[in-house]
Amino acid sequence: MKSSILLLLLKMFGCADDGASQESLPSWPSCPSLSLEYVQNVQRTLTDSTDLFQGAYPVPPGLTCELLEGLQVRLEDDSARYHFARFSRRFWAEDGRNTNGFRFIHRHVDFDLAIAATAHWNADVRIMALQELFEYRQIRPMVCTTKEGSAKLEEQDRRTVRYLIHVLEHTPWFISGSENSTIHAAYIGWVLRTQDLFTGTSFFADDKDPFKRWSDRQIEEALVAWRNEASR
């Protein structure tokens with residue numbers, strides 16, 4: 001209810017975020033291979049310094065350096081750069097879920113924009129991004145590529161696995177509340193199912209309940225296997 005009221009007020013008064021102060025942004029990695037300006041720009045785009053939902057959801061961890069490197073190459077494309085920019089908080093009143101951006105991701109089967117959006121400040125956007133990432137990986141068997149291309153895709157998978165482990169290690173698996181906890185449970189569930197798909201495991205793939213709450217023990221056991229996979 002509180003979220004709905006805030007969103008209504010935002011639309012009525014046309015509030016916009018012109019840029020986040022560094023003090024208000026969550027911690028992101030320092031990447032020697034990337035300019036600080038670029039990393040801060042991505043960080044600001046995916047972060048809400050105004051705290052629209054007043055701490056109702058945990059702040060997601062930032063992208064890893066290796067994912068930021070891939071995104072930098074993708075953002076050399078004008079269209080990709082345009083749609084990525086629309087994930088910014090300042091466009092929330094115009095199109096909070098960046099509908100056109102997700103159409104672009106779906107149409108172009110865009111890994112880099114999809115995985116970038118999994119670090120978005122809004123839980124609904126993160127869930128949508130994970131769903132796109134999940135579908136992206138599902139169609140992999142239909143991709144016809146060269147041996148070199150296949151090797152790049154396998155490395156992409158490893159980067160994703162390492163990143164999703166990072167997400168689970170830096171995000172509470174459960175939160176209190178009613179609607180908020182349900183949405184957060186769906187978010188964590190999509191992280192787990194997506195990780196299952198990228199690792200070829202089946203810890204969580206067989207249960208189709210999108211809001212199921214998994215026990216700490218189940219997640220911890222899966223993390224052990226996924227860490228072993230990531231270290232190979």
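Throughout, read-outs are computed from the coordinates displayed, never taken from laboratory work. In this text the structure is predicted, and so the values were computed from the model without any measurement. Quick reminder, even Gly has a Cβ in these numbers, built from the backbone with ideal geometry, and neighbours come from all protein chains shown.
Taken along the Cα-to-beta-carbon direction at a fixed 7 Å, the label points for Val73 and Asp207 span 3.7 nm. Each residue of segment 117-130 is assigned a 3J(HN,Hα), and the resulting list reads 5, 6, 9, 5, 5, 8, 4, 4, 5, 4, 5, 4, 5, 5 Hz, derived from the Karplus form 6.51 cos²θ - 1.76 cosθ + 1.60 (θ = phi - 60°), x at Gly and Pro.
In this rough spin-label picture, where each label sits 7 Å from Cα along the Cβ direction, the Val224-Met142 distance is 3.8 nm.
Of the peptides 165-171, 108-114, the order by per-residue mean of other Cβ atoms within 10 Å, starting with the highest, comes out as 108-114, 165-171. For the pair Glu155 and Asp216, label points projected 7 Å from Cα toward Cβ lie 3.9 nm apart.
Each 10 Å bin from zero holds the following percent of Cα-Cα pairs in the chain: 7, 32, 38, 20, 3, 0.
With a cut-off of 19 Å on the backbone N, the residues of segment 115-140 near the modelled label site 7 Å out from Phe91 along Cα-Cβ are 115-133. 3J(HN,Hα) along segment 205-219, derived from phi through the Karplus expression 6.51 cos²θ - 1.76 cosθ + 1.60 where θ = phi - 60°, amounts to 6, 7, 8, 9, 6, x, 10, 5, 9, 8, 6, 4, 5, 4, 5 Hz, with x in place of Gly and Pro.
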